[in-house]
Amino acid sequence: MIDLRPEQGGRGRGIAAAIEGGFAACWFGWAQAEPPGWLVPLLIVGAVLSGALAVGGVVLAVRSPSGSSPMAVARTRTQYYVTVAIEVVLIWAGSALLGATGHDEYIAAWIALVVGVHFVPLGRFFGEPLLQISGVVISLVAIGAAVVALATDSGSSTVAGTGTGLALLVTGVLTLFGVRAPN
């Protein structure tokens with residue numbers, strides 16, 4: 001069921017869609033580091049759609065009551081901040097280690113894996129199974145990107161960026177329109 005009414009958790013949905021859209025655009029951009037030529041126009045379209053999603057999310061969030069976000073609950077807010085802090089530390093430490101050991105071709109896959117894994121507890125904290133599904137999909141994309149980097153002479157950025165961008169774009173659109181995954 002599609003629900004665009006601001007009073008139905010609109011602020012939380014809008015903020016989530018804005019974040020997912022913004023990061024999807026970044027991932028589509030990262031995918032352009034070394035893609036095959038045929039993929040570039042599709043990545044640009046993905047980035048533009050992601051930007052539009054981010055704007056739509058901001059509009060919904062601004063039009064919605066402030067209490068309609070799960071972040072209005074102190075415990076959820078704390079769980080969110082702790083999860084994101086752990087995510088940032090893992091991304092930084094893993095990326096630094098990969099770079100220092102000469103394995104920078106795996107950095108995009110590593111970051112995608114950490115992002116995917118962090119969606120699982122966030123989905124639980126926010127009561128949004130869609131985030132958990134997205135987290136699993138992004139984690140699988142990350143593993144696929146690492147395999148591509150291992151099996152070829154290219155880095156993981158094209159696969160990780162395209163797959164993660166697409167997963168975030170789809171998750172953001174579904175979130176914006178209030179589509180919920182079954183529990």
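The values are calculated or read from the model by the stated rules, or taken from the named source; none is laboratory data. Since the model is a prediction, treat every value here as computed from it, not as a measurement. Note: ideal-geometry Cβ built from the backbone for every residue, glycine included; neighbour counts use all protein chains shown.
Considering segment 7-114, the qualifying helices (runs of 4 or more DSSP H), each wholly inside and each with 1 or more residues that are closer than 18 Å to L131 by Cα and touching a Cys at 6+ places or on another chain (Cβ under 9 Å), run over 40-63. Remark: pairs (first residue in segment 21-49, touching a residue at least 12 places away in the same chain (Cβ under 8 Å); second residue outside any helix (DSSP H, G or I); Cβ separation under 8 Å; 6+ apart in sequence or on different chains) = A33/G155; E34/S154; E34/G155; L43/P35. Candidates in segment 1-17 are the residues that are among the basic types (K, R) and crowded, with 22+ Cβ neighbours inside 10 Å; of these, the one that is modelled with the highest pLDDT is R13.
Residues checked against (1) under 20 Å from V148 (Cα atoms); (2) among the hydrophobic types (A, V, I, L, M, F, W, C):
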position	(1), (2)
A74	no, yes
V89	no, yes
S95	yes, no
Y106	yes, no
V114	yes, yes
G123	no, no
F126	no, yes
L131	no, yes
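The residue list A100, A93, A160, A145 contains one member that is within 23 Å of P41 (Cβ to Cβ), at pLDDT 95 or above and more than 12 Å from the chain's Cα centre (by Cα), which is A145.
Within segment 64-90, the set of residues being surrounded by 14 or more Cβ atoms within 10 Å (Cβ to Cβ) and in contact (Cβ under 8 Å) with a residue 24 or more places away in the chain comprises S64, S68, S69, P70, M71, T76, Q79, Y80, T83, I86, E87, L90.
Step by step: first the residues of segment 134-147, then only those that are of a type outside the set (V, I, T) and either in contact with a Phe, Trp or Tyr (Cβ under 9 Å, 6 or more places away or on another chain) or not in a helix (DSSP H, G or I) (or both), then the one that is surrounded by the most Cβ atoms within 10 Å (Cβ to Cβ). Which residue is that? Among those residues, the one meeting the criterion is A145. Just one of the listed residues (L122, L150, L166) is in a helix (DSSP H, G or I) and modelled with pLDDT of 95 or more, namely L166.
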